[in-house]
Amino acid sequence: MWNNAKALTRISNAMFLLAIAVLLGALFWRIAHMDVFSVRAIDVVGDVSNVTEEQVKAIVGNELYGTFFTVDLQGAQIAFETLPWVRRVDVRRRWPNALEVNVEEHRELARWGNTALVNTMGEIFEGASNRRLPVLEGPAGSNLKVTQNYIRFNKSLSRIGREVRSVRLSQRRAWRLTLDDGTVIALGRHGVAERLSSFVAVYE
């Protein structure tokens with residue numbers, strides 16, 4: 001090989017290119033960590049009403065490290081999604097020194113038992129609300145079905161000017177409603193929609 005000029009030239013060129021790549025990488029690493037590229041601003045966008053400025057500052061101070069080039073966007077997203085009212089977050093860099101945090105908040109629909117809230121998507125989340133909300137209850141994993149039926153029940157009852165104050169799905173999958181006037185309706189396990197329609201017809 002040492003007598004092969006073409007092979008030696010190729011090896012020499014490859015080593016030269018490798019050296020250039022290493023130097024450029026080291027240069028970029030040094031530039032990327034310079035203070036001049038520190039993140040200077042966090043812009044929270046979206047229809048936000050429950051995420052506070054103090055919460056954002058706490059995330060920035062405790063969870064975000066690095067410069068504009070080196071900050072961990074996925075880590076930042078996970079950190080923001082730990083906030084109680086945050087459903088989903090998208091974090092992006094915005095040149096030259098800002099992060100844009102697009103926040104989608106939970107929209108509370110009802111209380112889930114005495115311990116949590118449920119949003120309009122039927123998802124349970126931790127949060128505090130001072131609003132007077134209906135109460136939904138059911139076995140583990142039934143939150144989506146209970147939420148969907150709560151919406152259907154309210155639509156049916158709107159014909160007689162009534163609203164649901166609570167929906168309970170028992171372990172035996174029997175439905176029980178309490179209305180805003182105190183009326184309790186036991187709909188059972190089968191033919192639930194038909195039974196509610198019959199109640200509405202008799203009520204009218």
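Report yes if Leu117 is more than 30 Å from Val202 (Cβ to Cβ), at pLDDT 95 or above and touching a Phe, Trp or Tyr at 6+ places or on another chain (Cβ under 7 Å), otherwise no. Yes.
Got at least one residue in region 74-81 being in contact (Cβ under 8 Å) with a residue 24 or more places away in the chain, closer than 30 Å to Gly188 by Cα and of a type in the set (A, V, I, L, M, F, W, C)? Checking region 74-81: not a single residue is in contact (Cβ under 8 Å) with a residue 24 or more places away in the chain, closer than 30 Å to Gly188 by Cα and of a type in the set (A, V, I, L, M, F, W, C). Of the residues making up region 38-52, one or more are surrounded by fewer than 17 Cβ atoms within 10 Å (Cβ to Cβ), of a type in the set (Gly, Ala, Ser) and in a loop (DSSP other than H, G, I, E, B).
For region 171-187, enumerate the residues that are loosely packed, with under 13 Cβ neighbours inside 10 Å, small (Gly, Ala, Ser) and within 18 Å of Ile151 (Cα to Cα). The one that is loosely packed, with under 13 Cβ neighbours inside 10 Å, small (Gly, Ala, Ser) and within 18 Å of Ile151 (Cα to Cα): Ala186. With respect to the conditions (1) modelled with pLDDT under 95; (2) under 32 Å from the mean Cα position of the chain (by Cα); (3) of a type in the set (Gly, Ala, Ser), Ala201 lacks only one, and its number is (2). Restricting attention to region 116-162, the residues that are farther than 28 Å from Arg88 by Cα, open to solvent by 30 Å² or more (accessible area, probe 1.4 Å) and touching a residue at least 24 places away in the same chain (Cβ under 8 Å) add up to 3.
Rundown of residues vs (1) under 18 Å from Glu126 (Cα atoms); (2) of a type in the set (Lys, Arg), yes/no style:
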residue: Ala58; (1), (2): no, no
residue: Gly61; (1), (2): no, no
residue: Thr67; (1), (2): no, no
residue: Gln74; (1), (2): no, no
residue: Ile78; (1), (2): yes, no
residue: Pro84; (1), (2): yes, no
residue: Arg88; (1), (2): yes, yes
residue: Arg94; (1), (2): no, yes
residue: Ala98; (1), (2): no, no
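Of all residues in region 29-39, none are touching a helix residue (DSSP H, G or I) at 6+ places or on another chain (Cβ under 8 Å) and at pLDDT 85 or above. Asn102 meets the conditions (1) farther than 30 Å from Pro134 by Cα; (2) surrounded by 14 or more Cβ atoms within 10 Å (Cβ to Cβ); (3) under 18 Å from the mean Cα position of the chain (by Cα); (4) among the polar types (S, T, N, Q) in every case but one. The failed one is (1). Pairing each residue of region 177-204 that is of a type in the set (Asp, Glu) and outside any strand (DSSP E or B) with any residue that is open to solvent by 40 Å² or more (accessible area, probe 1.4 Å) and modelled with pLDDT of 95 or more, provided the two are 6+ apart or on different chains, yields C-beta distances under 8 Å for Asp180/Arg162; Asp180/Glu163; Asp180/Arg165; Asp181/Arg162. Filtering region 80-99 to residues that are open to solvent by less than 50 Å² (accessible area, probe 1.4 Å) and at pLDDT 90 or above leaves Phe80, Leu83, Trp85, Val86, Val89, Val91.
The values are calculated or read from the model by the stated rules, or taken from the named source; none is laboratory data. Keep in mind that what you see is a predicted model, and the values were worked out from it rather than measured. Cβ sites come from the backbone with ideal geometry, for glycine too, and all protein chains shown count toward neighbours. With ligands, DNA and RNA removed, areas are computed over all heavy atoms of the protein, side chains included. Shrake-Rupley method; radii C 1.70, N 1.55, O 1.52, S 1.80 Å.
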